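> Here it is: the structure, laid out below.
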Amino acid sequence: MEKYDVIIVGAGPAGLFSAIELAEAGLNVIIIEKGPDLKKRRCPAIDYKKICLRCPVCPLISGFGGAGAFSDGKITLSPQVGGNLEKYIENHSFLRLMKYVDSRLLEFGAPDRLFGTDDDAIRKIKYEAQKHGLVFVPTPIRHLGTDGGFKVLESMRNYVDRLGIDIHFNEKVEEILAKDGKVYGVRSKRNEYHADFVIVAPGRAGATWMAKQAKKLGLKTHPNPVDIGVRVELPASIMDHLTKVVYEPKLIYYSQKFDDRIRTFCVNPNGVVVQEFAEDVITVNGFSNTEPISENTNFALLVSTSFTEPFNDPITFGKSIVRLANLISGGVLLQRLGDLMRGRRSTERRISKNPVKPTLESAVPGDISFILPYRYLVNLIEMLEALDKIAPGVASPYTLLYGVEVKFYSNRIEVSKSLETSVQGLFTIGDGAGITRGLLHSAISGLVAAGEIKKRMGIKDEGKI
Ligand SMILES: Cc1cc2nc3c(=O)[nH]c(=O)nc-3n(C[C@H](O)[C@H](O)[C@H](O)COP(=O)(O)OP(=O)(O)OC[C@H]3O[C@@H](n4cnc5c(N)ncnc54)[C@H](O)[C@@H]3O)c2cc1C
């Protein structure tokens with residue numbers, strides 16, 4: 001048995017920001033991470049083959065840096081985008097912590113440039129969007145890129161060592177240990193670790209495990225909605241007038257037919273489309289680097305769905321739709337918008353003649369209407385047509401649609417304002433607790449938990465947190 005002041009499960013942004021904060025305050029901290037160290041994070045499917053080898057621990061979402069390591073590294077500096085922290089902390093505290101996280105990222109080597117600060121250009125985009133029933137949500141974004149994000153993580157990795165934080169890789173925490181309503185440690189196959197405080201930050205890679213632990217410990221949970229849609233790819237020039245101003249134009253549309261909320265998500269100017277492995281299913285995603293890596297821009301169009309009763313299992317619903325896409329195509333399905341509108345499938349021949357070349361070569365041409373329910377198809381087509389008004393060419397017949405993109409959010413665990421569960425000393429933070437959905441918010445959740453632990457241990461934080 002090993003004894004620490006604080007045990008942290010997971011080395012994603014949430015776990016790392018809390019660990020650094022606590023270690024800087026002189027506490028004895030261990031991070032236990034089921035994935036590999038940063039430099040050992042390689043995906044064999046990307047290295048050698050085009051298909052997922054279904055590794056027991058996916059190196060794309062597990063390891064030092066968590067899901068953040070191969071993310072697009074967009075730091076969206078806003079309380080509204082990337083999580084539900086406004087339910088727990090006051091707006092002024094959020095803004096203070098946001099500035100603090102941003103300043104630490106700059107220290108670790110994030111680029112100076114901030115997108116979304118040209119007020120005149122933003123006003124013009126807002127006006128154009130409003131004319132066509134779209135809501136434009138301007139947010140300042142610091143774009144690290146996948147390459148730049150990796151460099152930031154390398155500096156953080158060195159700093160973690162300099163601070164003397166113990167970090168165990170390739171070790172999965174099997175069980176959270178608690179007695180009489182109080183946490184006292186965790187157990188892995190290798191060892192048992194004891195501490196009065198445990199911060200659990202398992203991300204989406206640990207969502208199923210977290211749900212089981214929550215059940216065992218009797219923690220209350222609430223389902224989050226599931227986001228279902230497609231990844232859209234088109235020539236970068238069509239959206240340049242938007243992406244050059246804000247990098248990621250966040251646009252929302254309420255469909256006329258169903259009054260559903262549809263939004264753009266994860267816009268990657270001059271980026272590429274990639275497969276994503278979400279536990280046992282293959283979905284689609286995209287990324288971009290600091291320098292252009294293609295002539296295309298890609299983004300997701302997502303429809304949020306919540307259920308009530310008798311069915312309220314959004315994760316299984318989303319997975320069933322992805323499984324259908326995986327069944328038909330072996331992974332990700334590809335269709336030209338023009339083919340979808342004409343009621344016919346895309347074929348290798350049609351795609352090879354298409355002026356827009358797909359950046360995800362392994363995607364299989366087919367028919368998305370065999371996968372997505374009518375409601376989603378109508379919503380997505382309506383939104384593409386609305387977007388076409390502010391960026392002519394978006395709804396061109398040559399626009400590529402990859403299916404399906406699904407964002408699963410962990411069930412939200414009931415926690416206090418300092419993100420402590422009903423088990424004393426046990427904090428659940430980040431995406432795995434269903435509280436956040438992005439890099440900035442997850443990092444802030446780490447600081448909130450760390451701040452509370454410091455307070456309980458009588459450590460002043462000199463106005464930092
Ligand atoms: C492809 C992609 C692109 C993205 N792009 C962006 C972006 O541009 N901007 C943005 O804001 N967000 C982006 N995100 C989301 C962002 O990466 C996440 O919101 C963020 O990483 C969540 O941080 P976290 O610390 O909560 O969890 P994670 O980063 O998921 O880290 C959790 C860690 O816990 C480990 N773990 C889980 N269970 C256990 C266990 N039982 N024992 C030990 N270790 C365990 C996991 O291996 C993992 O390393 C992207 C995500 C993906 C997948």
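The values are calculated or read from the model by the stated rules, or taken from the named source; none is laboratory data. The model shown is predicted, which means the values in this text are computed figures rather than measured ones. Because the Cβ atoms are built from the backbone with ideal geometry, glycine has one as well, and the counts that use them run over all protein chains shown.
> Being buried (at least 21 other Cβ atoms within 10 Å of the Cβ) and within 18 Å of S188 (Cβ to Cβ) is the filter here, so list the residues in region 206-221 that pass it.
Those that are buried (at least 21 other Cβ atoms within 10 Å of the Cβ) and within 18 Å of S188 (Cβ to Cβ): G206, M210, Q213.
> Here's something else I'd like to know. State all residues of region 123-147 that are in contact (Cβ under 8 Å) with a residue 12 or more places away in the chain and either surrounded by fewer than 18 Cβ atoms within 10 Å (Cβ to Cβ) or part of a loop (DSSP other than H, G, I, E, B) (or both); if no residue qualifies, say none.
Listed by number, the residues that qualify are K126, E128, K131, H132, G133, V135, V137, P138, T139, P140, L144, D147.
> Give me the helices (runs of 4 or more DSSP H) completely within region 1-120, filtered to those with at least 1 residues that are within 16 Å of the chain's Cα centre (by Cα) and within 16 Å of the ligand (Cβ to nearest atom), ordered by residue number.
Once the helices (runs of 4 or more DSSP H) in region 1-120 are filtered for at least 1 residues that are within 16 Å of the chain's Cα centre (by Cα) and within 16 Å of the ligand (Cβ to nearest atom), what remains is 13-24.
> Residues that are at pLDDT below 90 and more than 16 Å from the ligand (Cβ to nearest atom): does region 288-295 have at least one?
Scanning region 288-295, I find at least one residue that is at pLDDT below 90 and more than 16 Å from the ligand (Cβ to nearest atom), so the answer is yes.
> Could you look through region 411-450, keep only residues that are in a loop (DSSP other than H, G, I, E, B) and closer than 14 Å to A11 by Cα, and pick out the one that is nearest to the ligand (Cβ to nearest atom)?
G430
> Scan region 432-455 residue by residue and report those that are touching a residue at least 40 places away in the same chain (Cβ under 8 Å) and basic (K, R).
R437, K454
> Within region 233-250, is even one residue touching a helix residue (DSSP H, G or I) at 6+ places or on another chain (Cβ under 7 Å), at pLDDT below 95 and within 11 Å of the ligand (Cβ to nearest atom)?
Checked region 233-250: no residue is touching a helix residue (DSSP H, G or I) at 6+ places or on another chain (Cβ under 7 Å), at pLDDT below 95 and within 11 Å of the ligand (Cβ to nearest atom).
> Only one of F311, F299, F307, F258 is at pLDDT 95 or above and in a loop (DSSP other than H, G, I, E, B). Can you tell me which?
F258
> Still on this model: Would you point out which residue out of G446, G463, G458, G432 is at pLDDT below 95, surrounded by 15 or more Cβ atoms within 10 Å (Cβ to Cβ) and farther than 19 Å from Y184 by Cβ?
One residue alone meets the criteria, G432.
> Hey, another quick one. Residue by residue through region 182-212, note down the ones that are near the ligand (Cβ under 8 Å from one of its atoms) and assigned to a helix (DSSP H, G or I).
Scanning region 182-212 gives R204, A205, G206, W209, M210.
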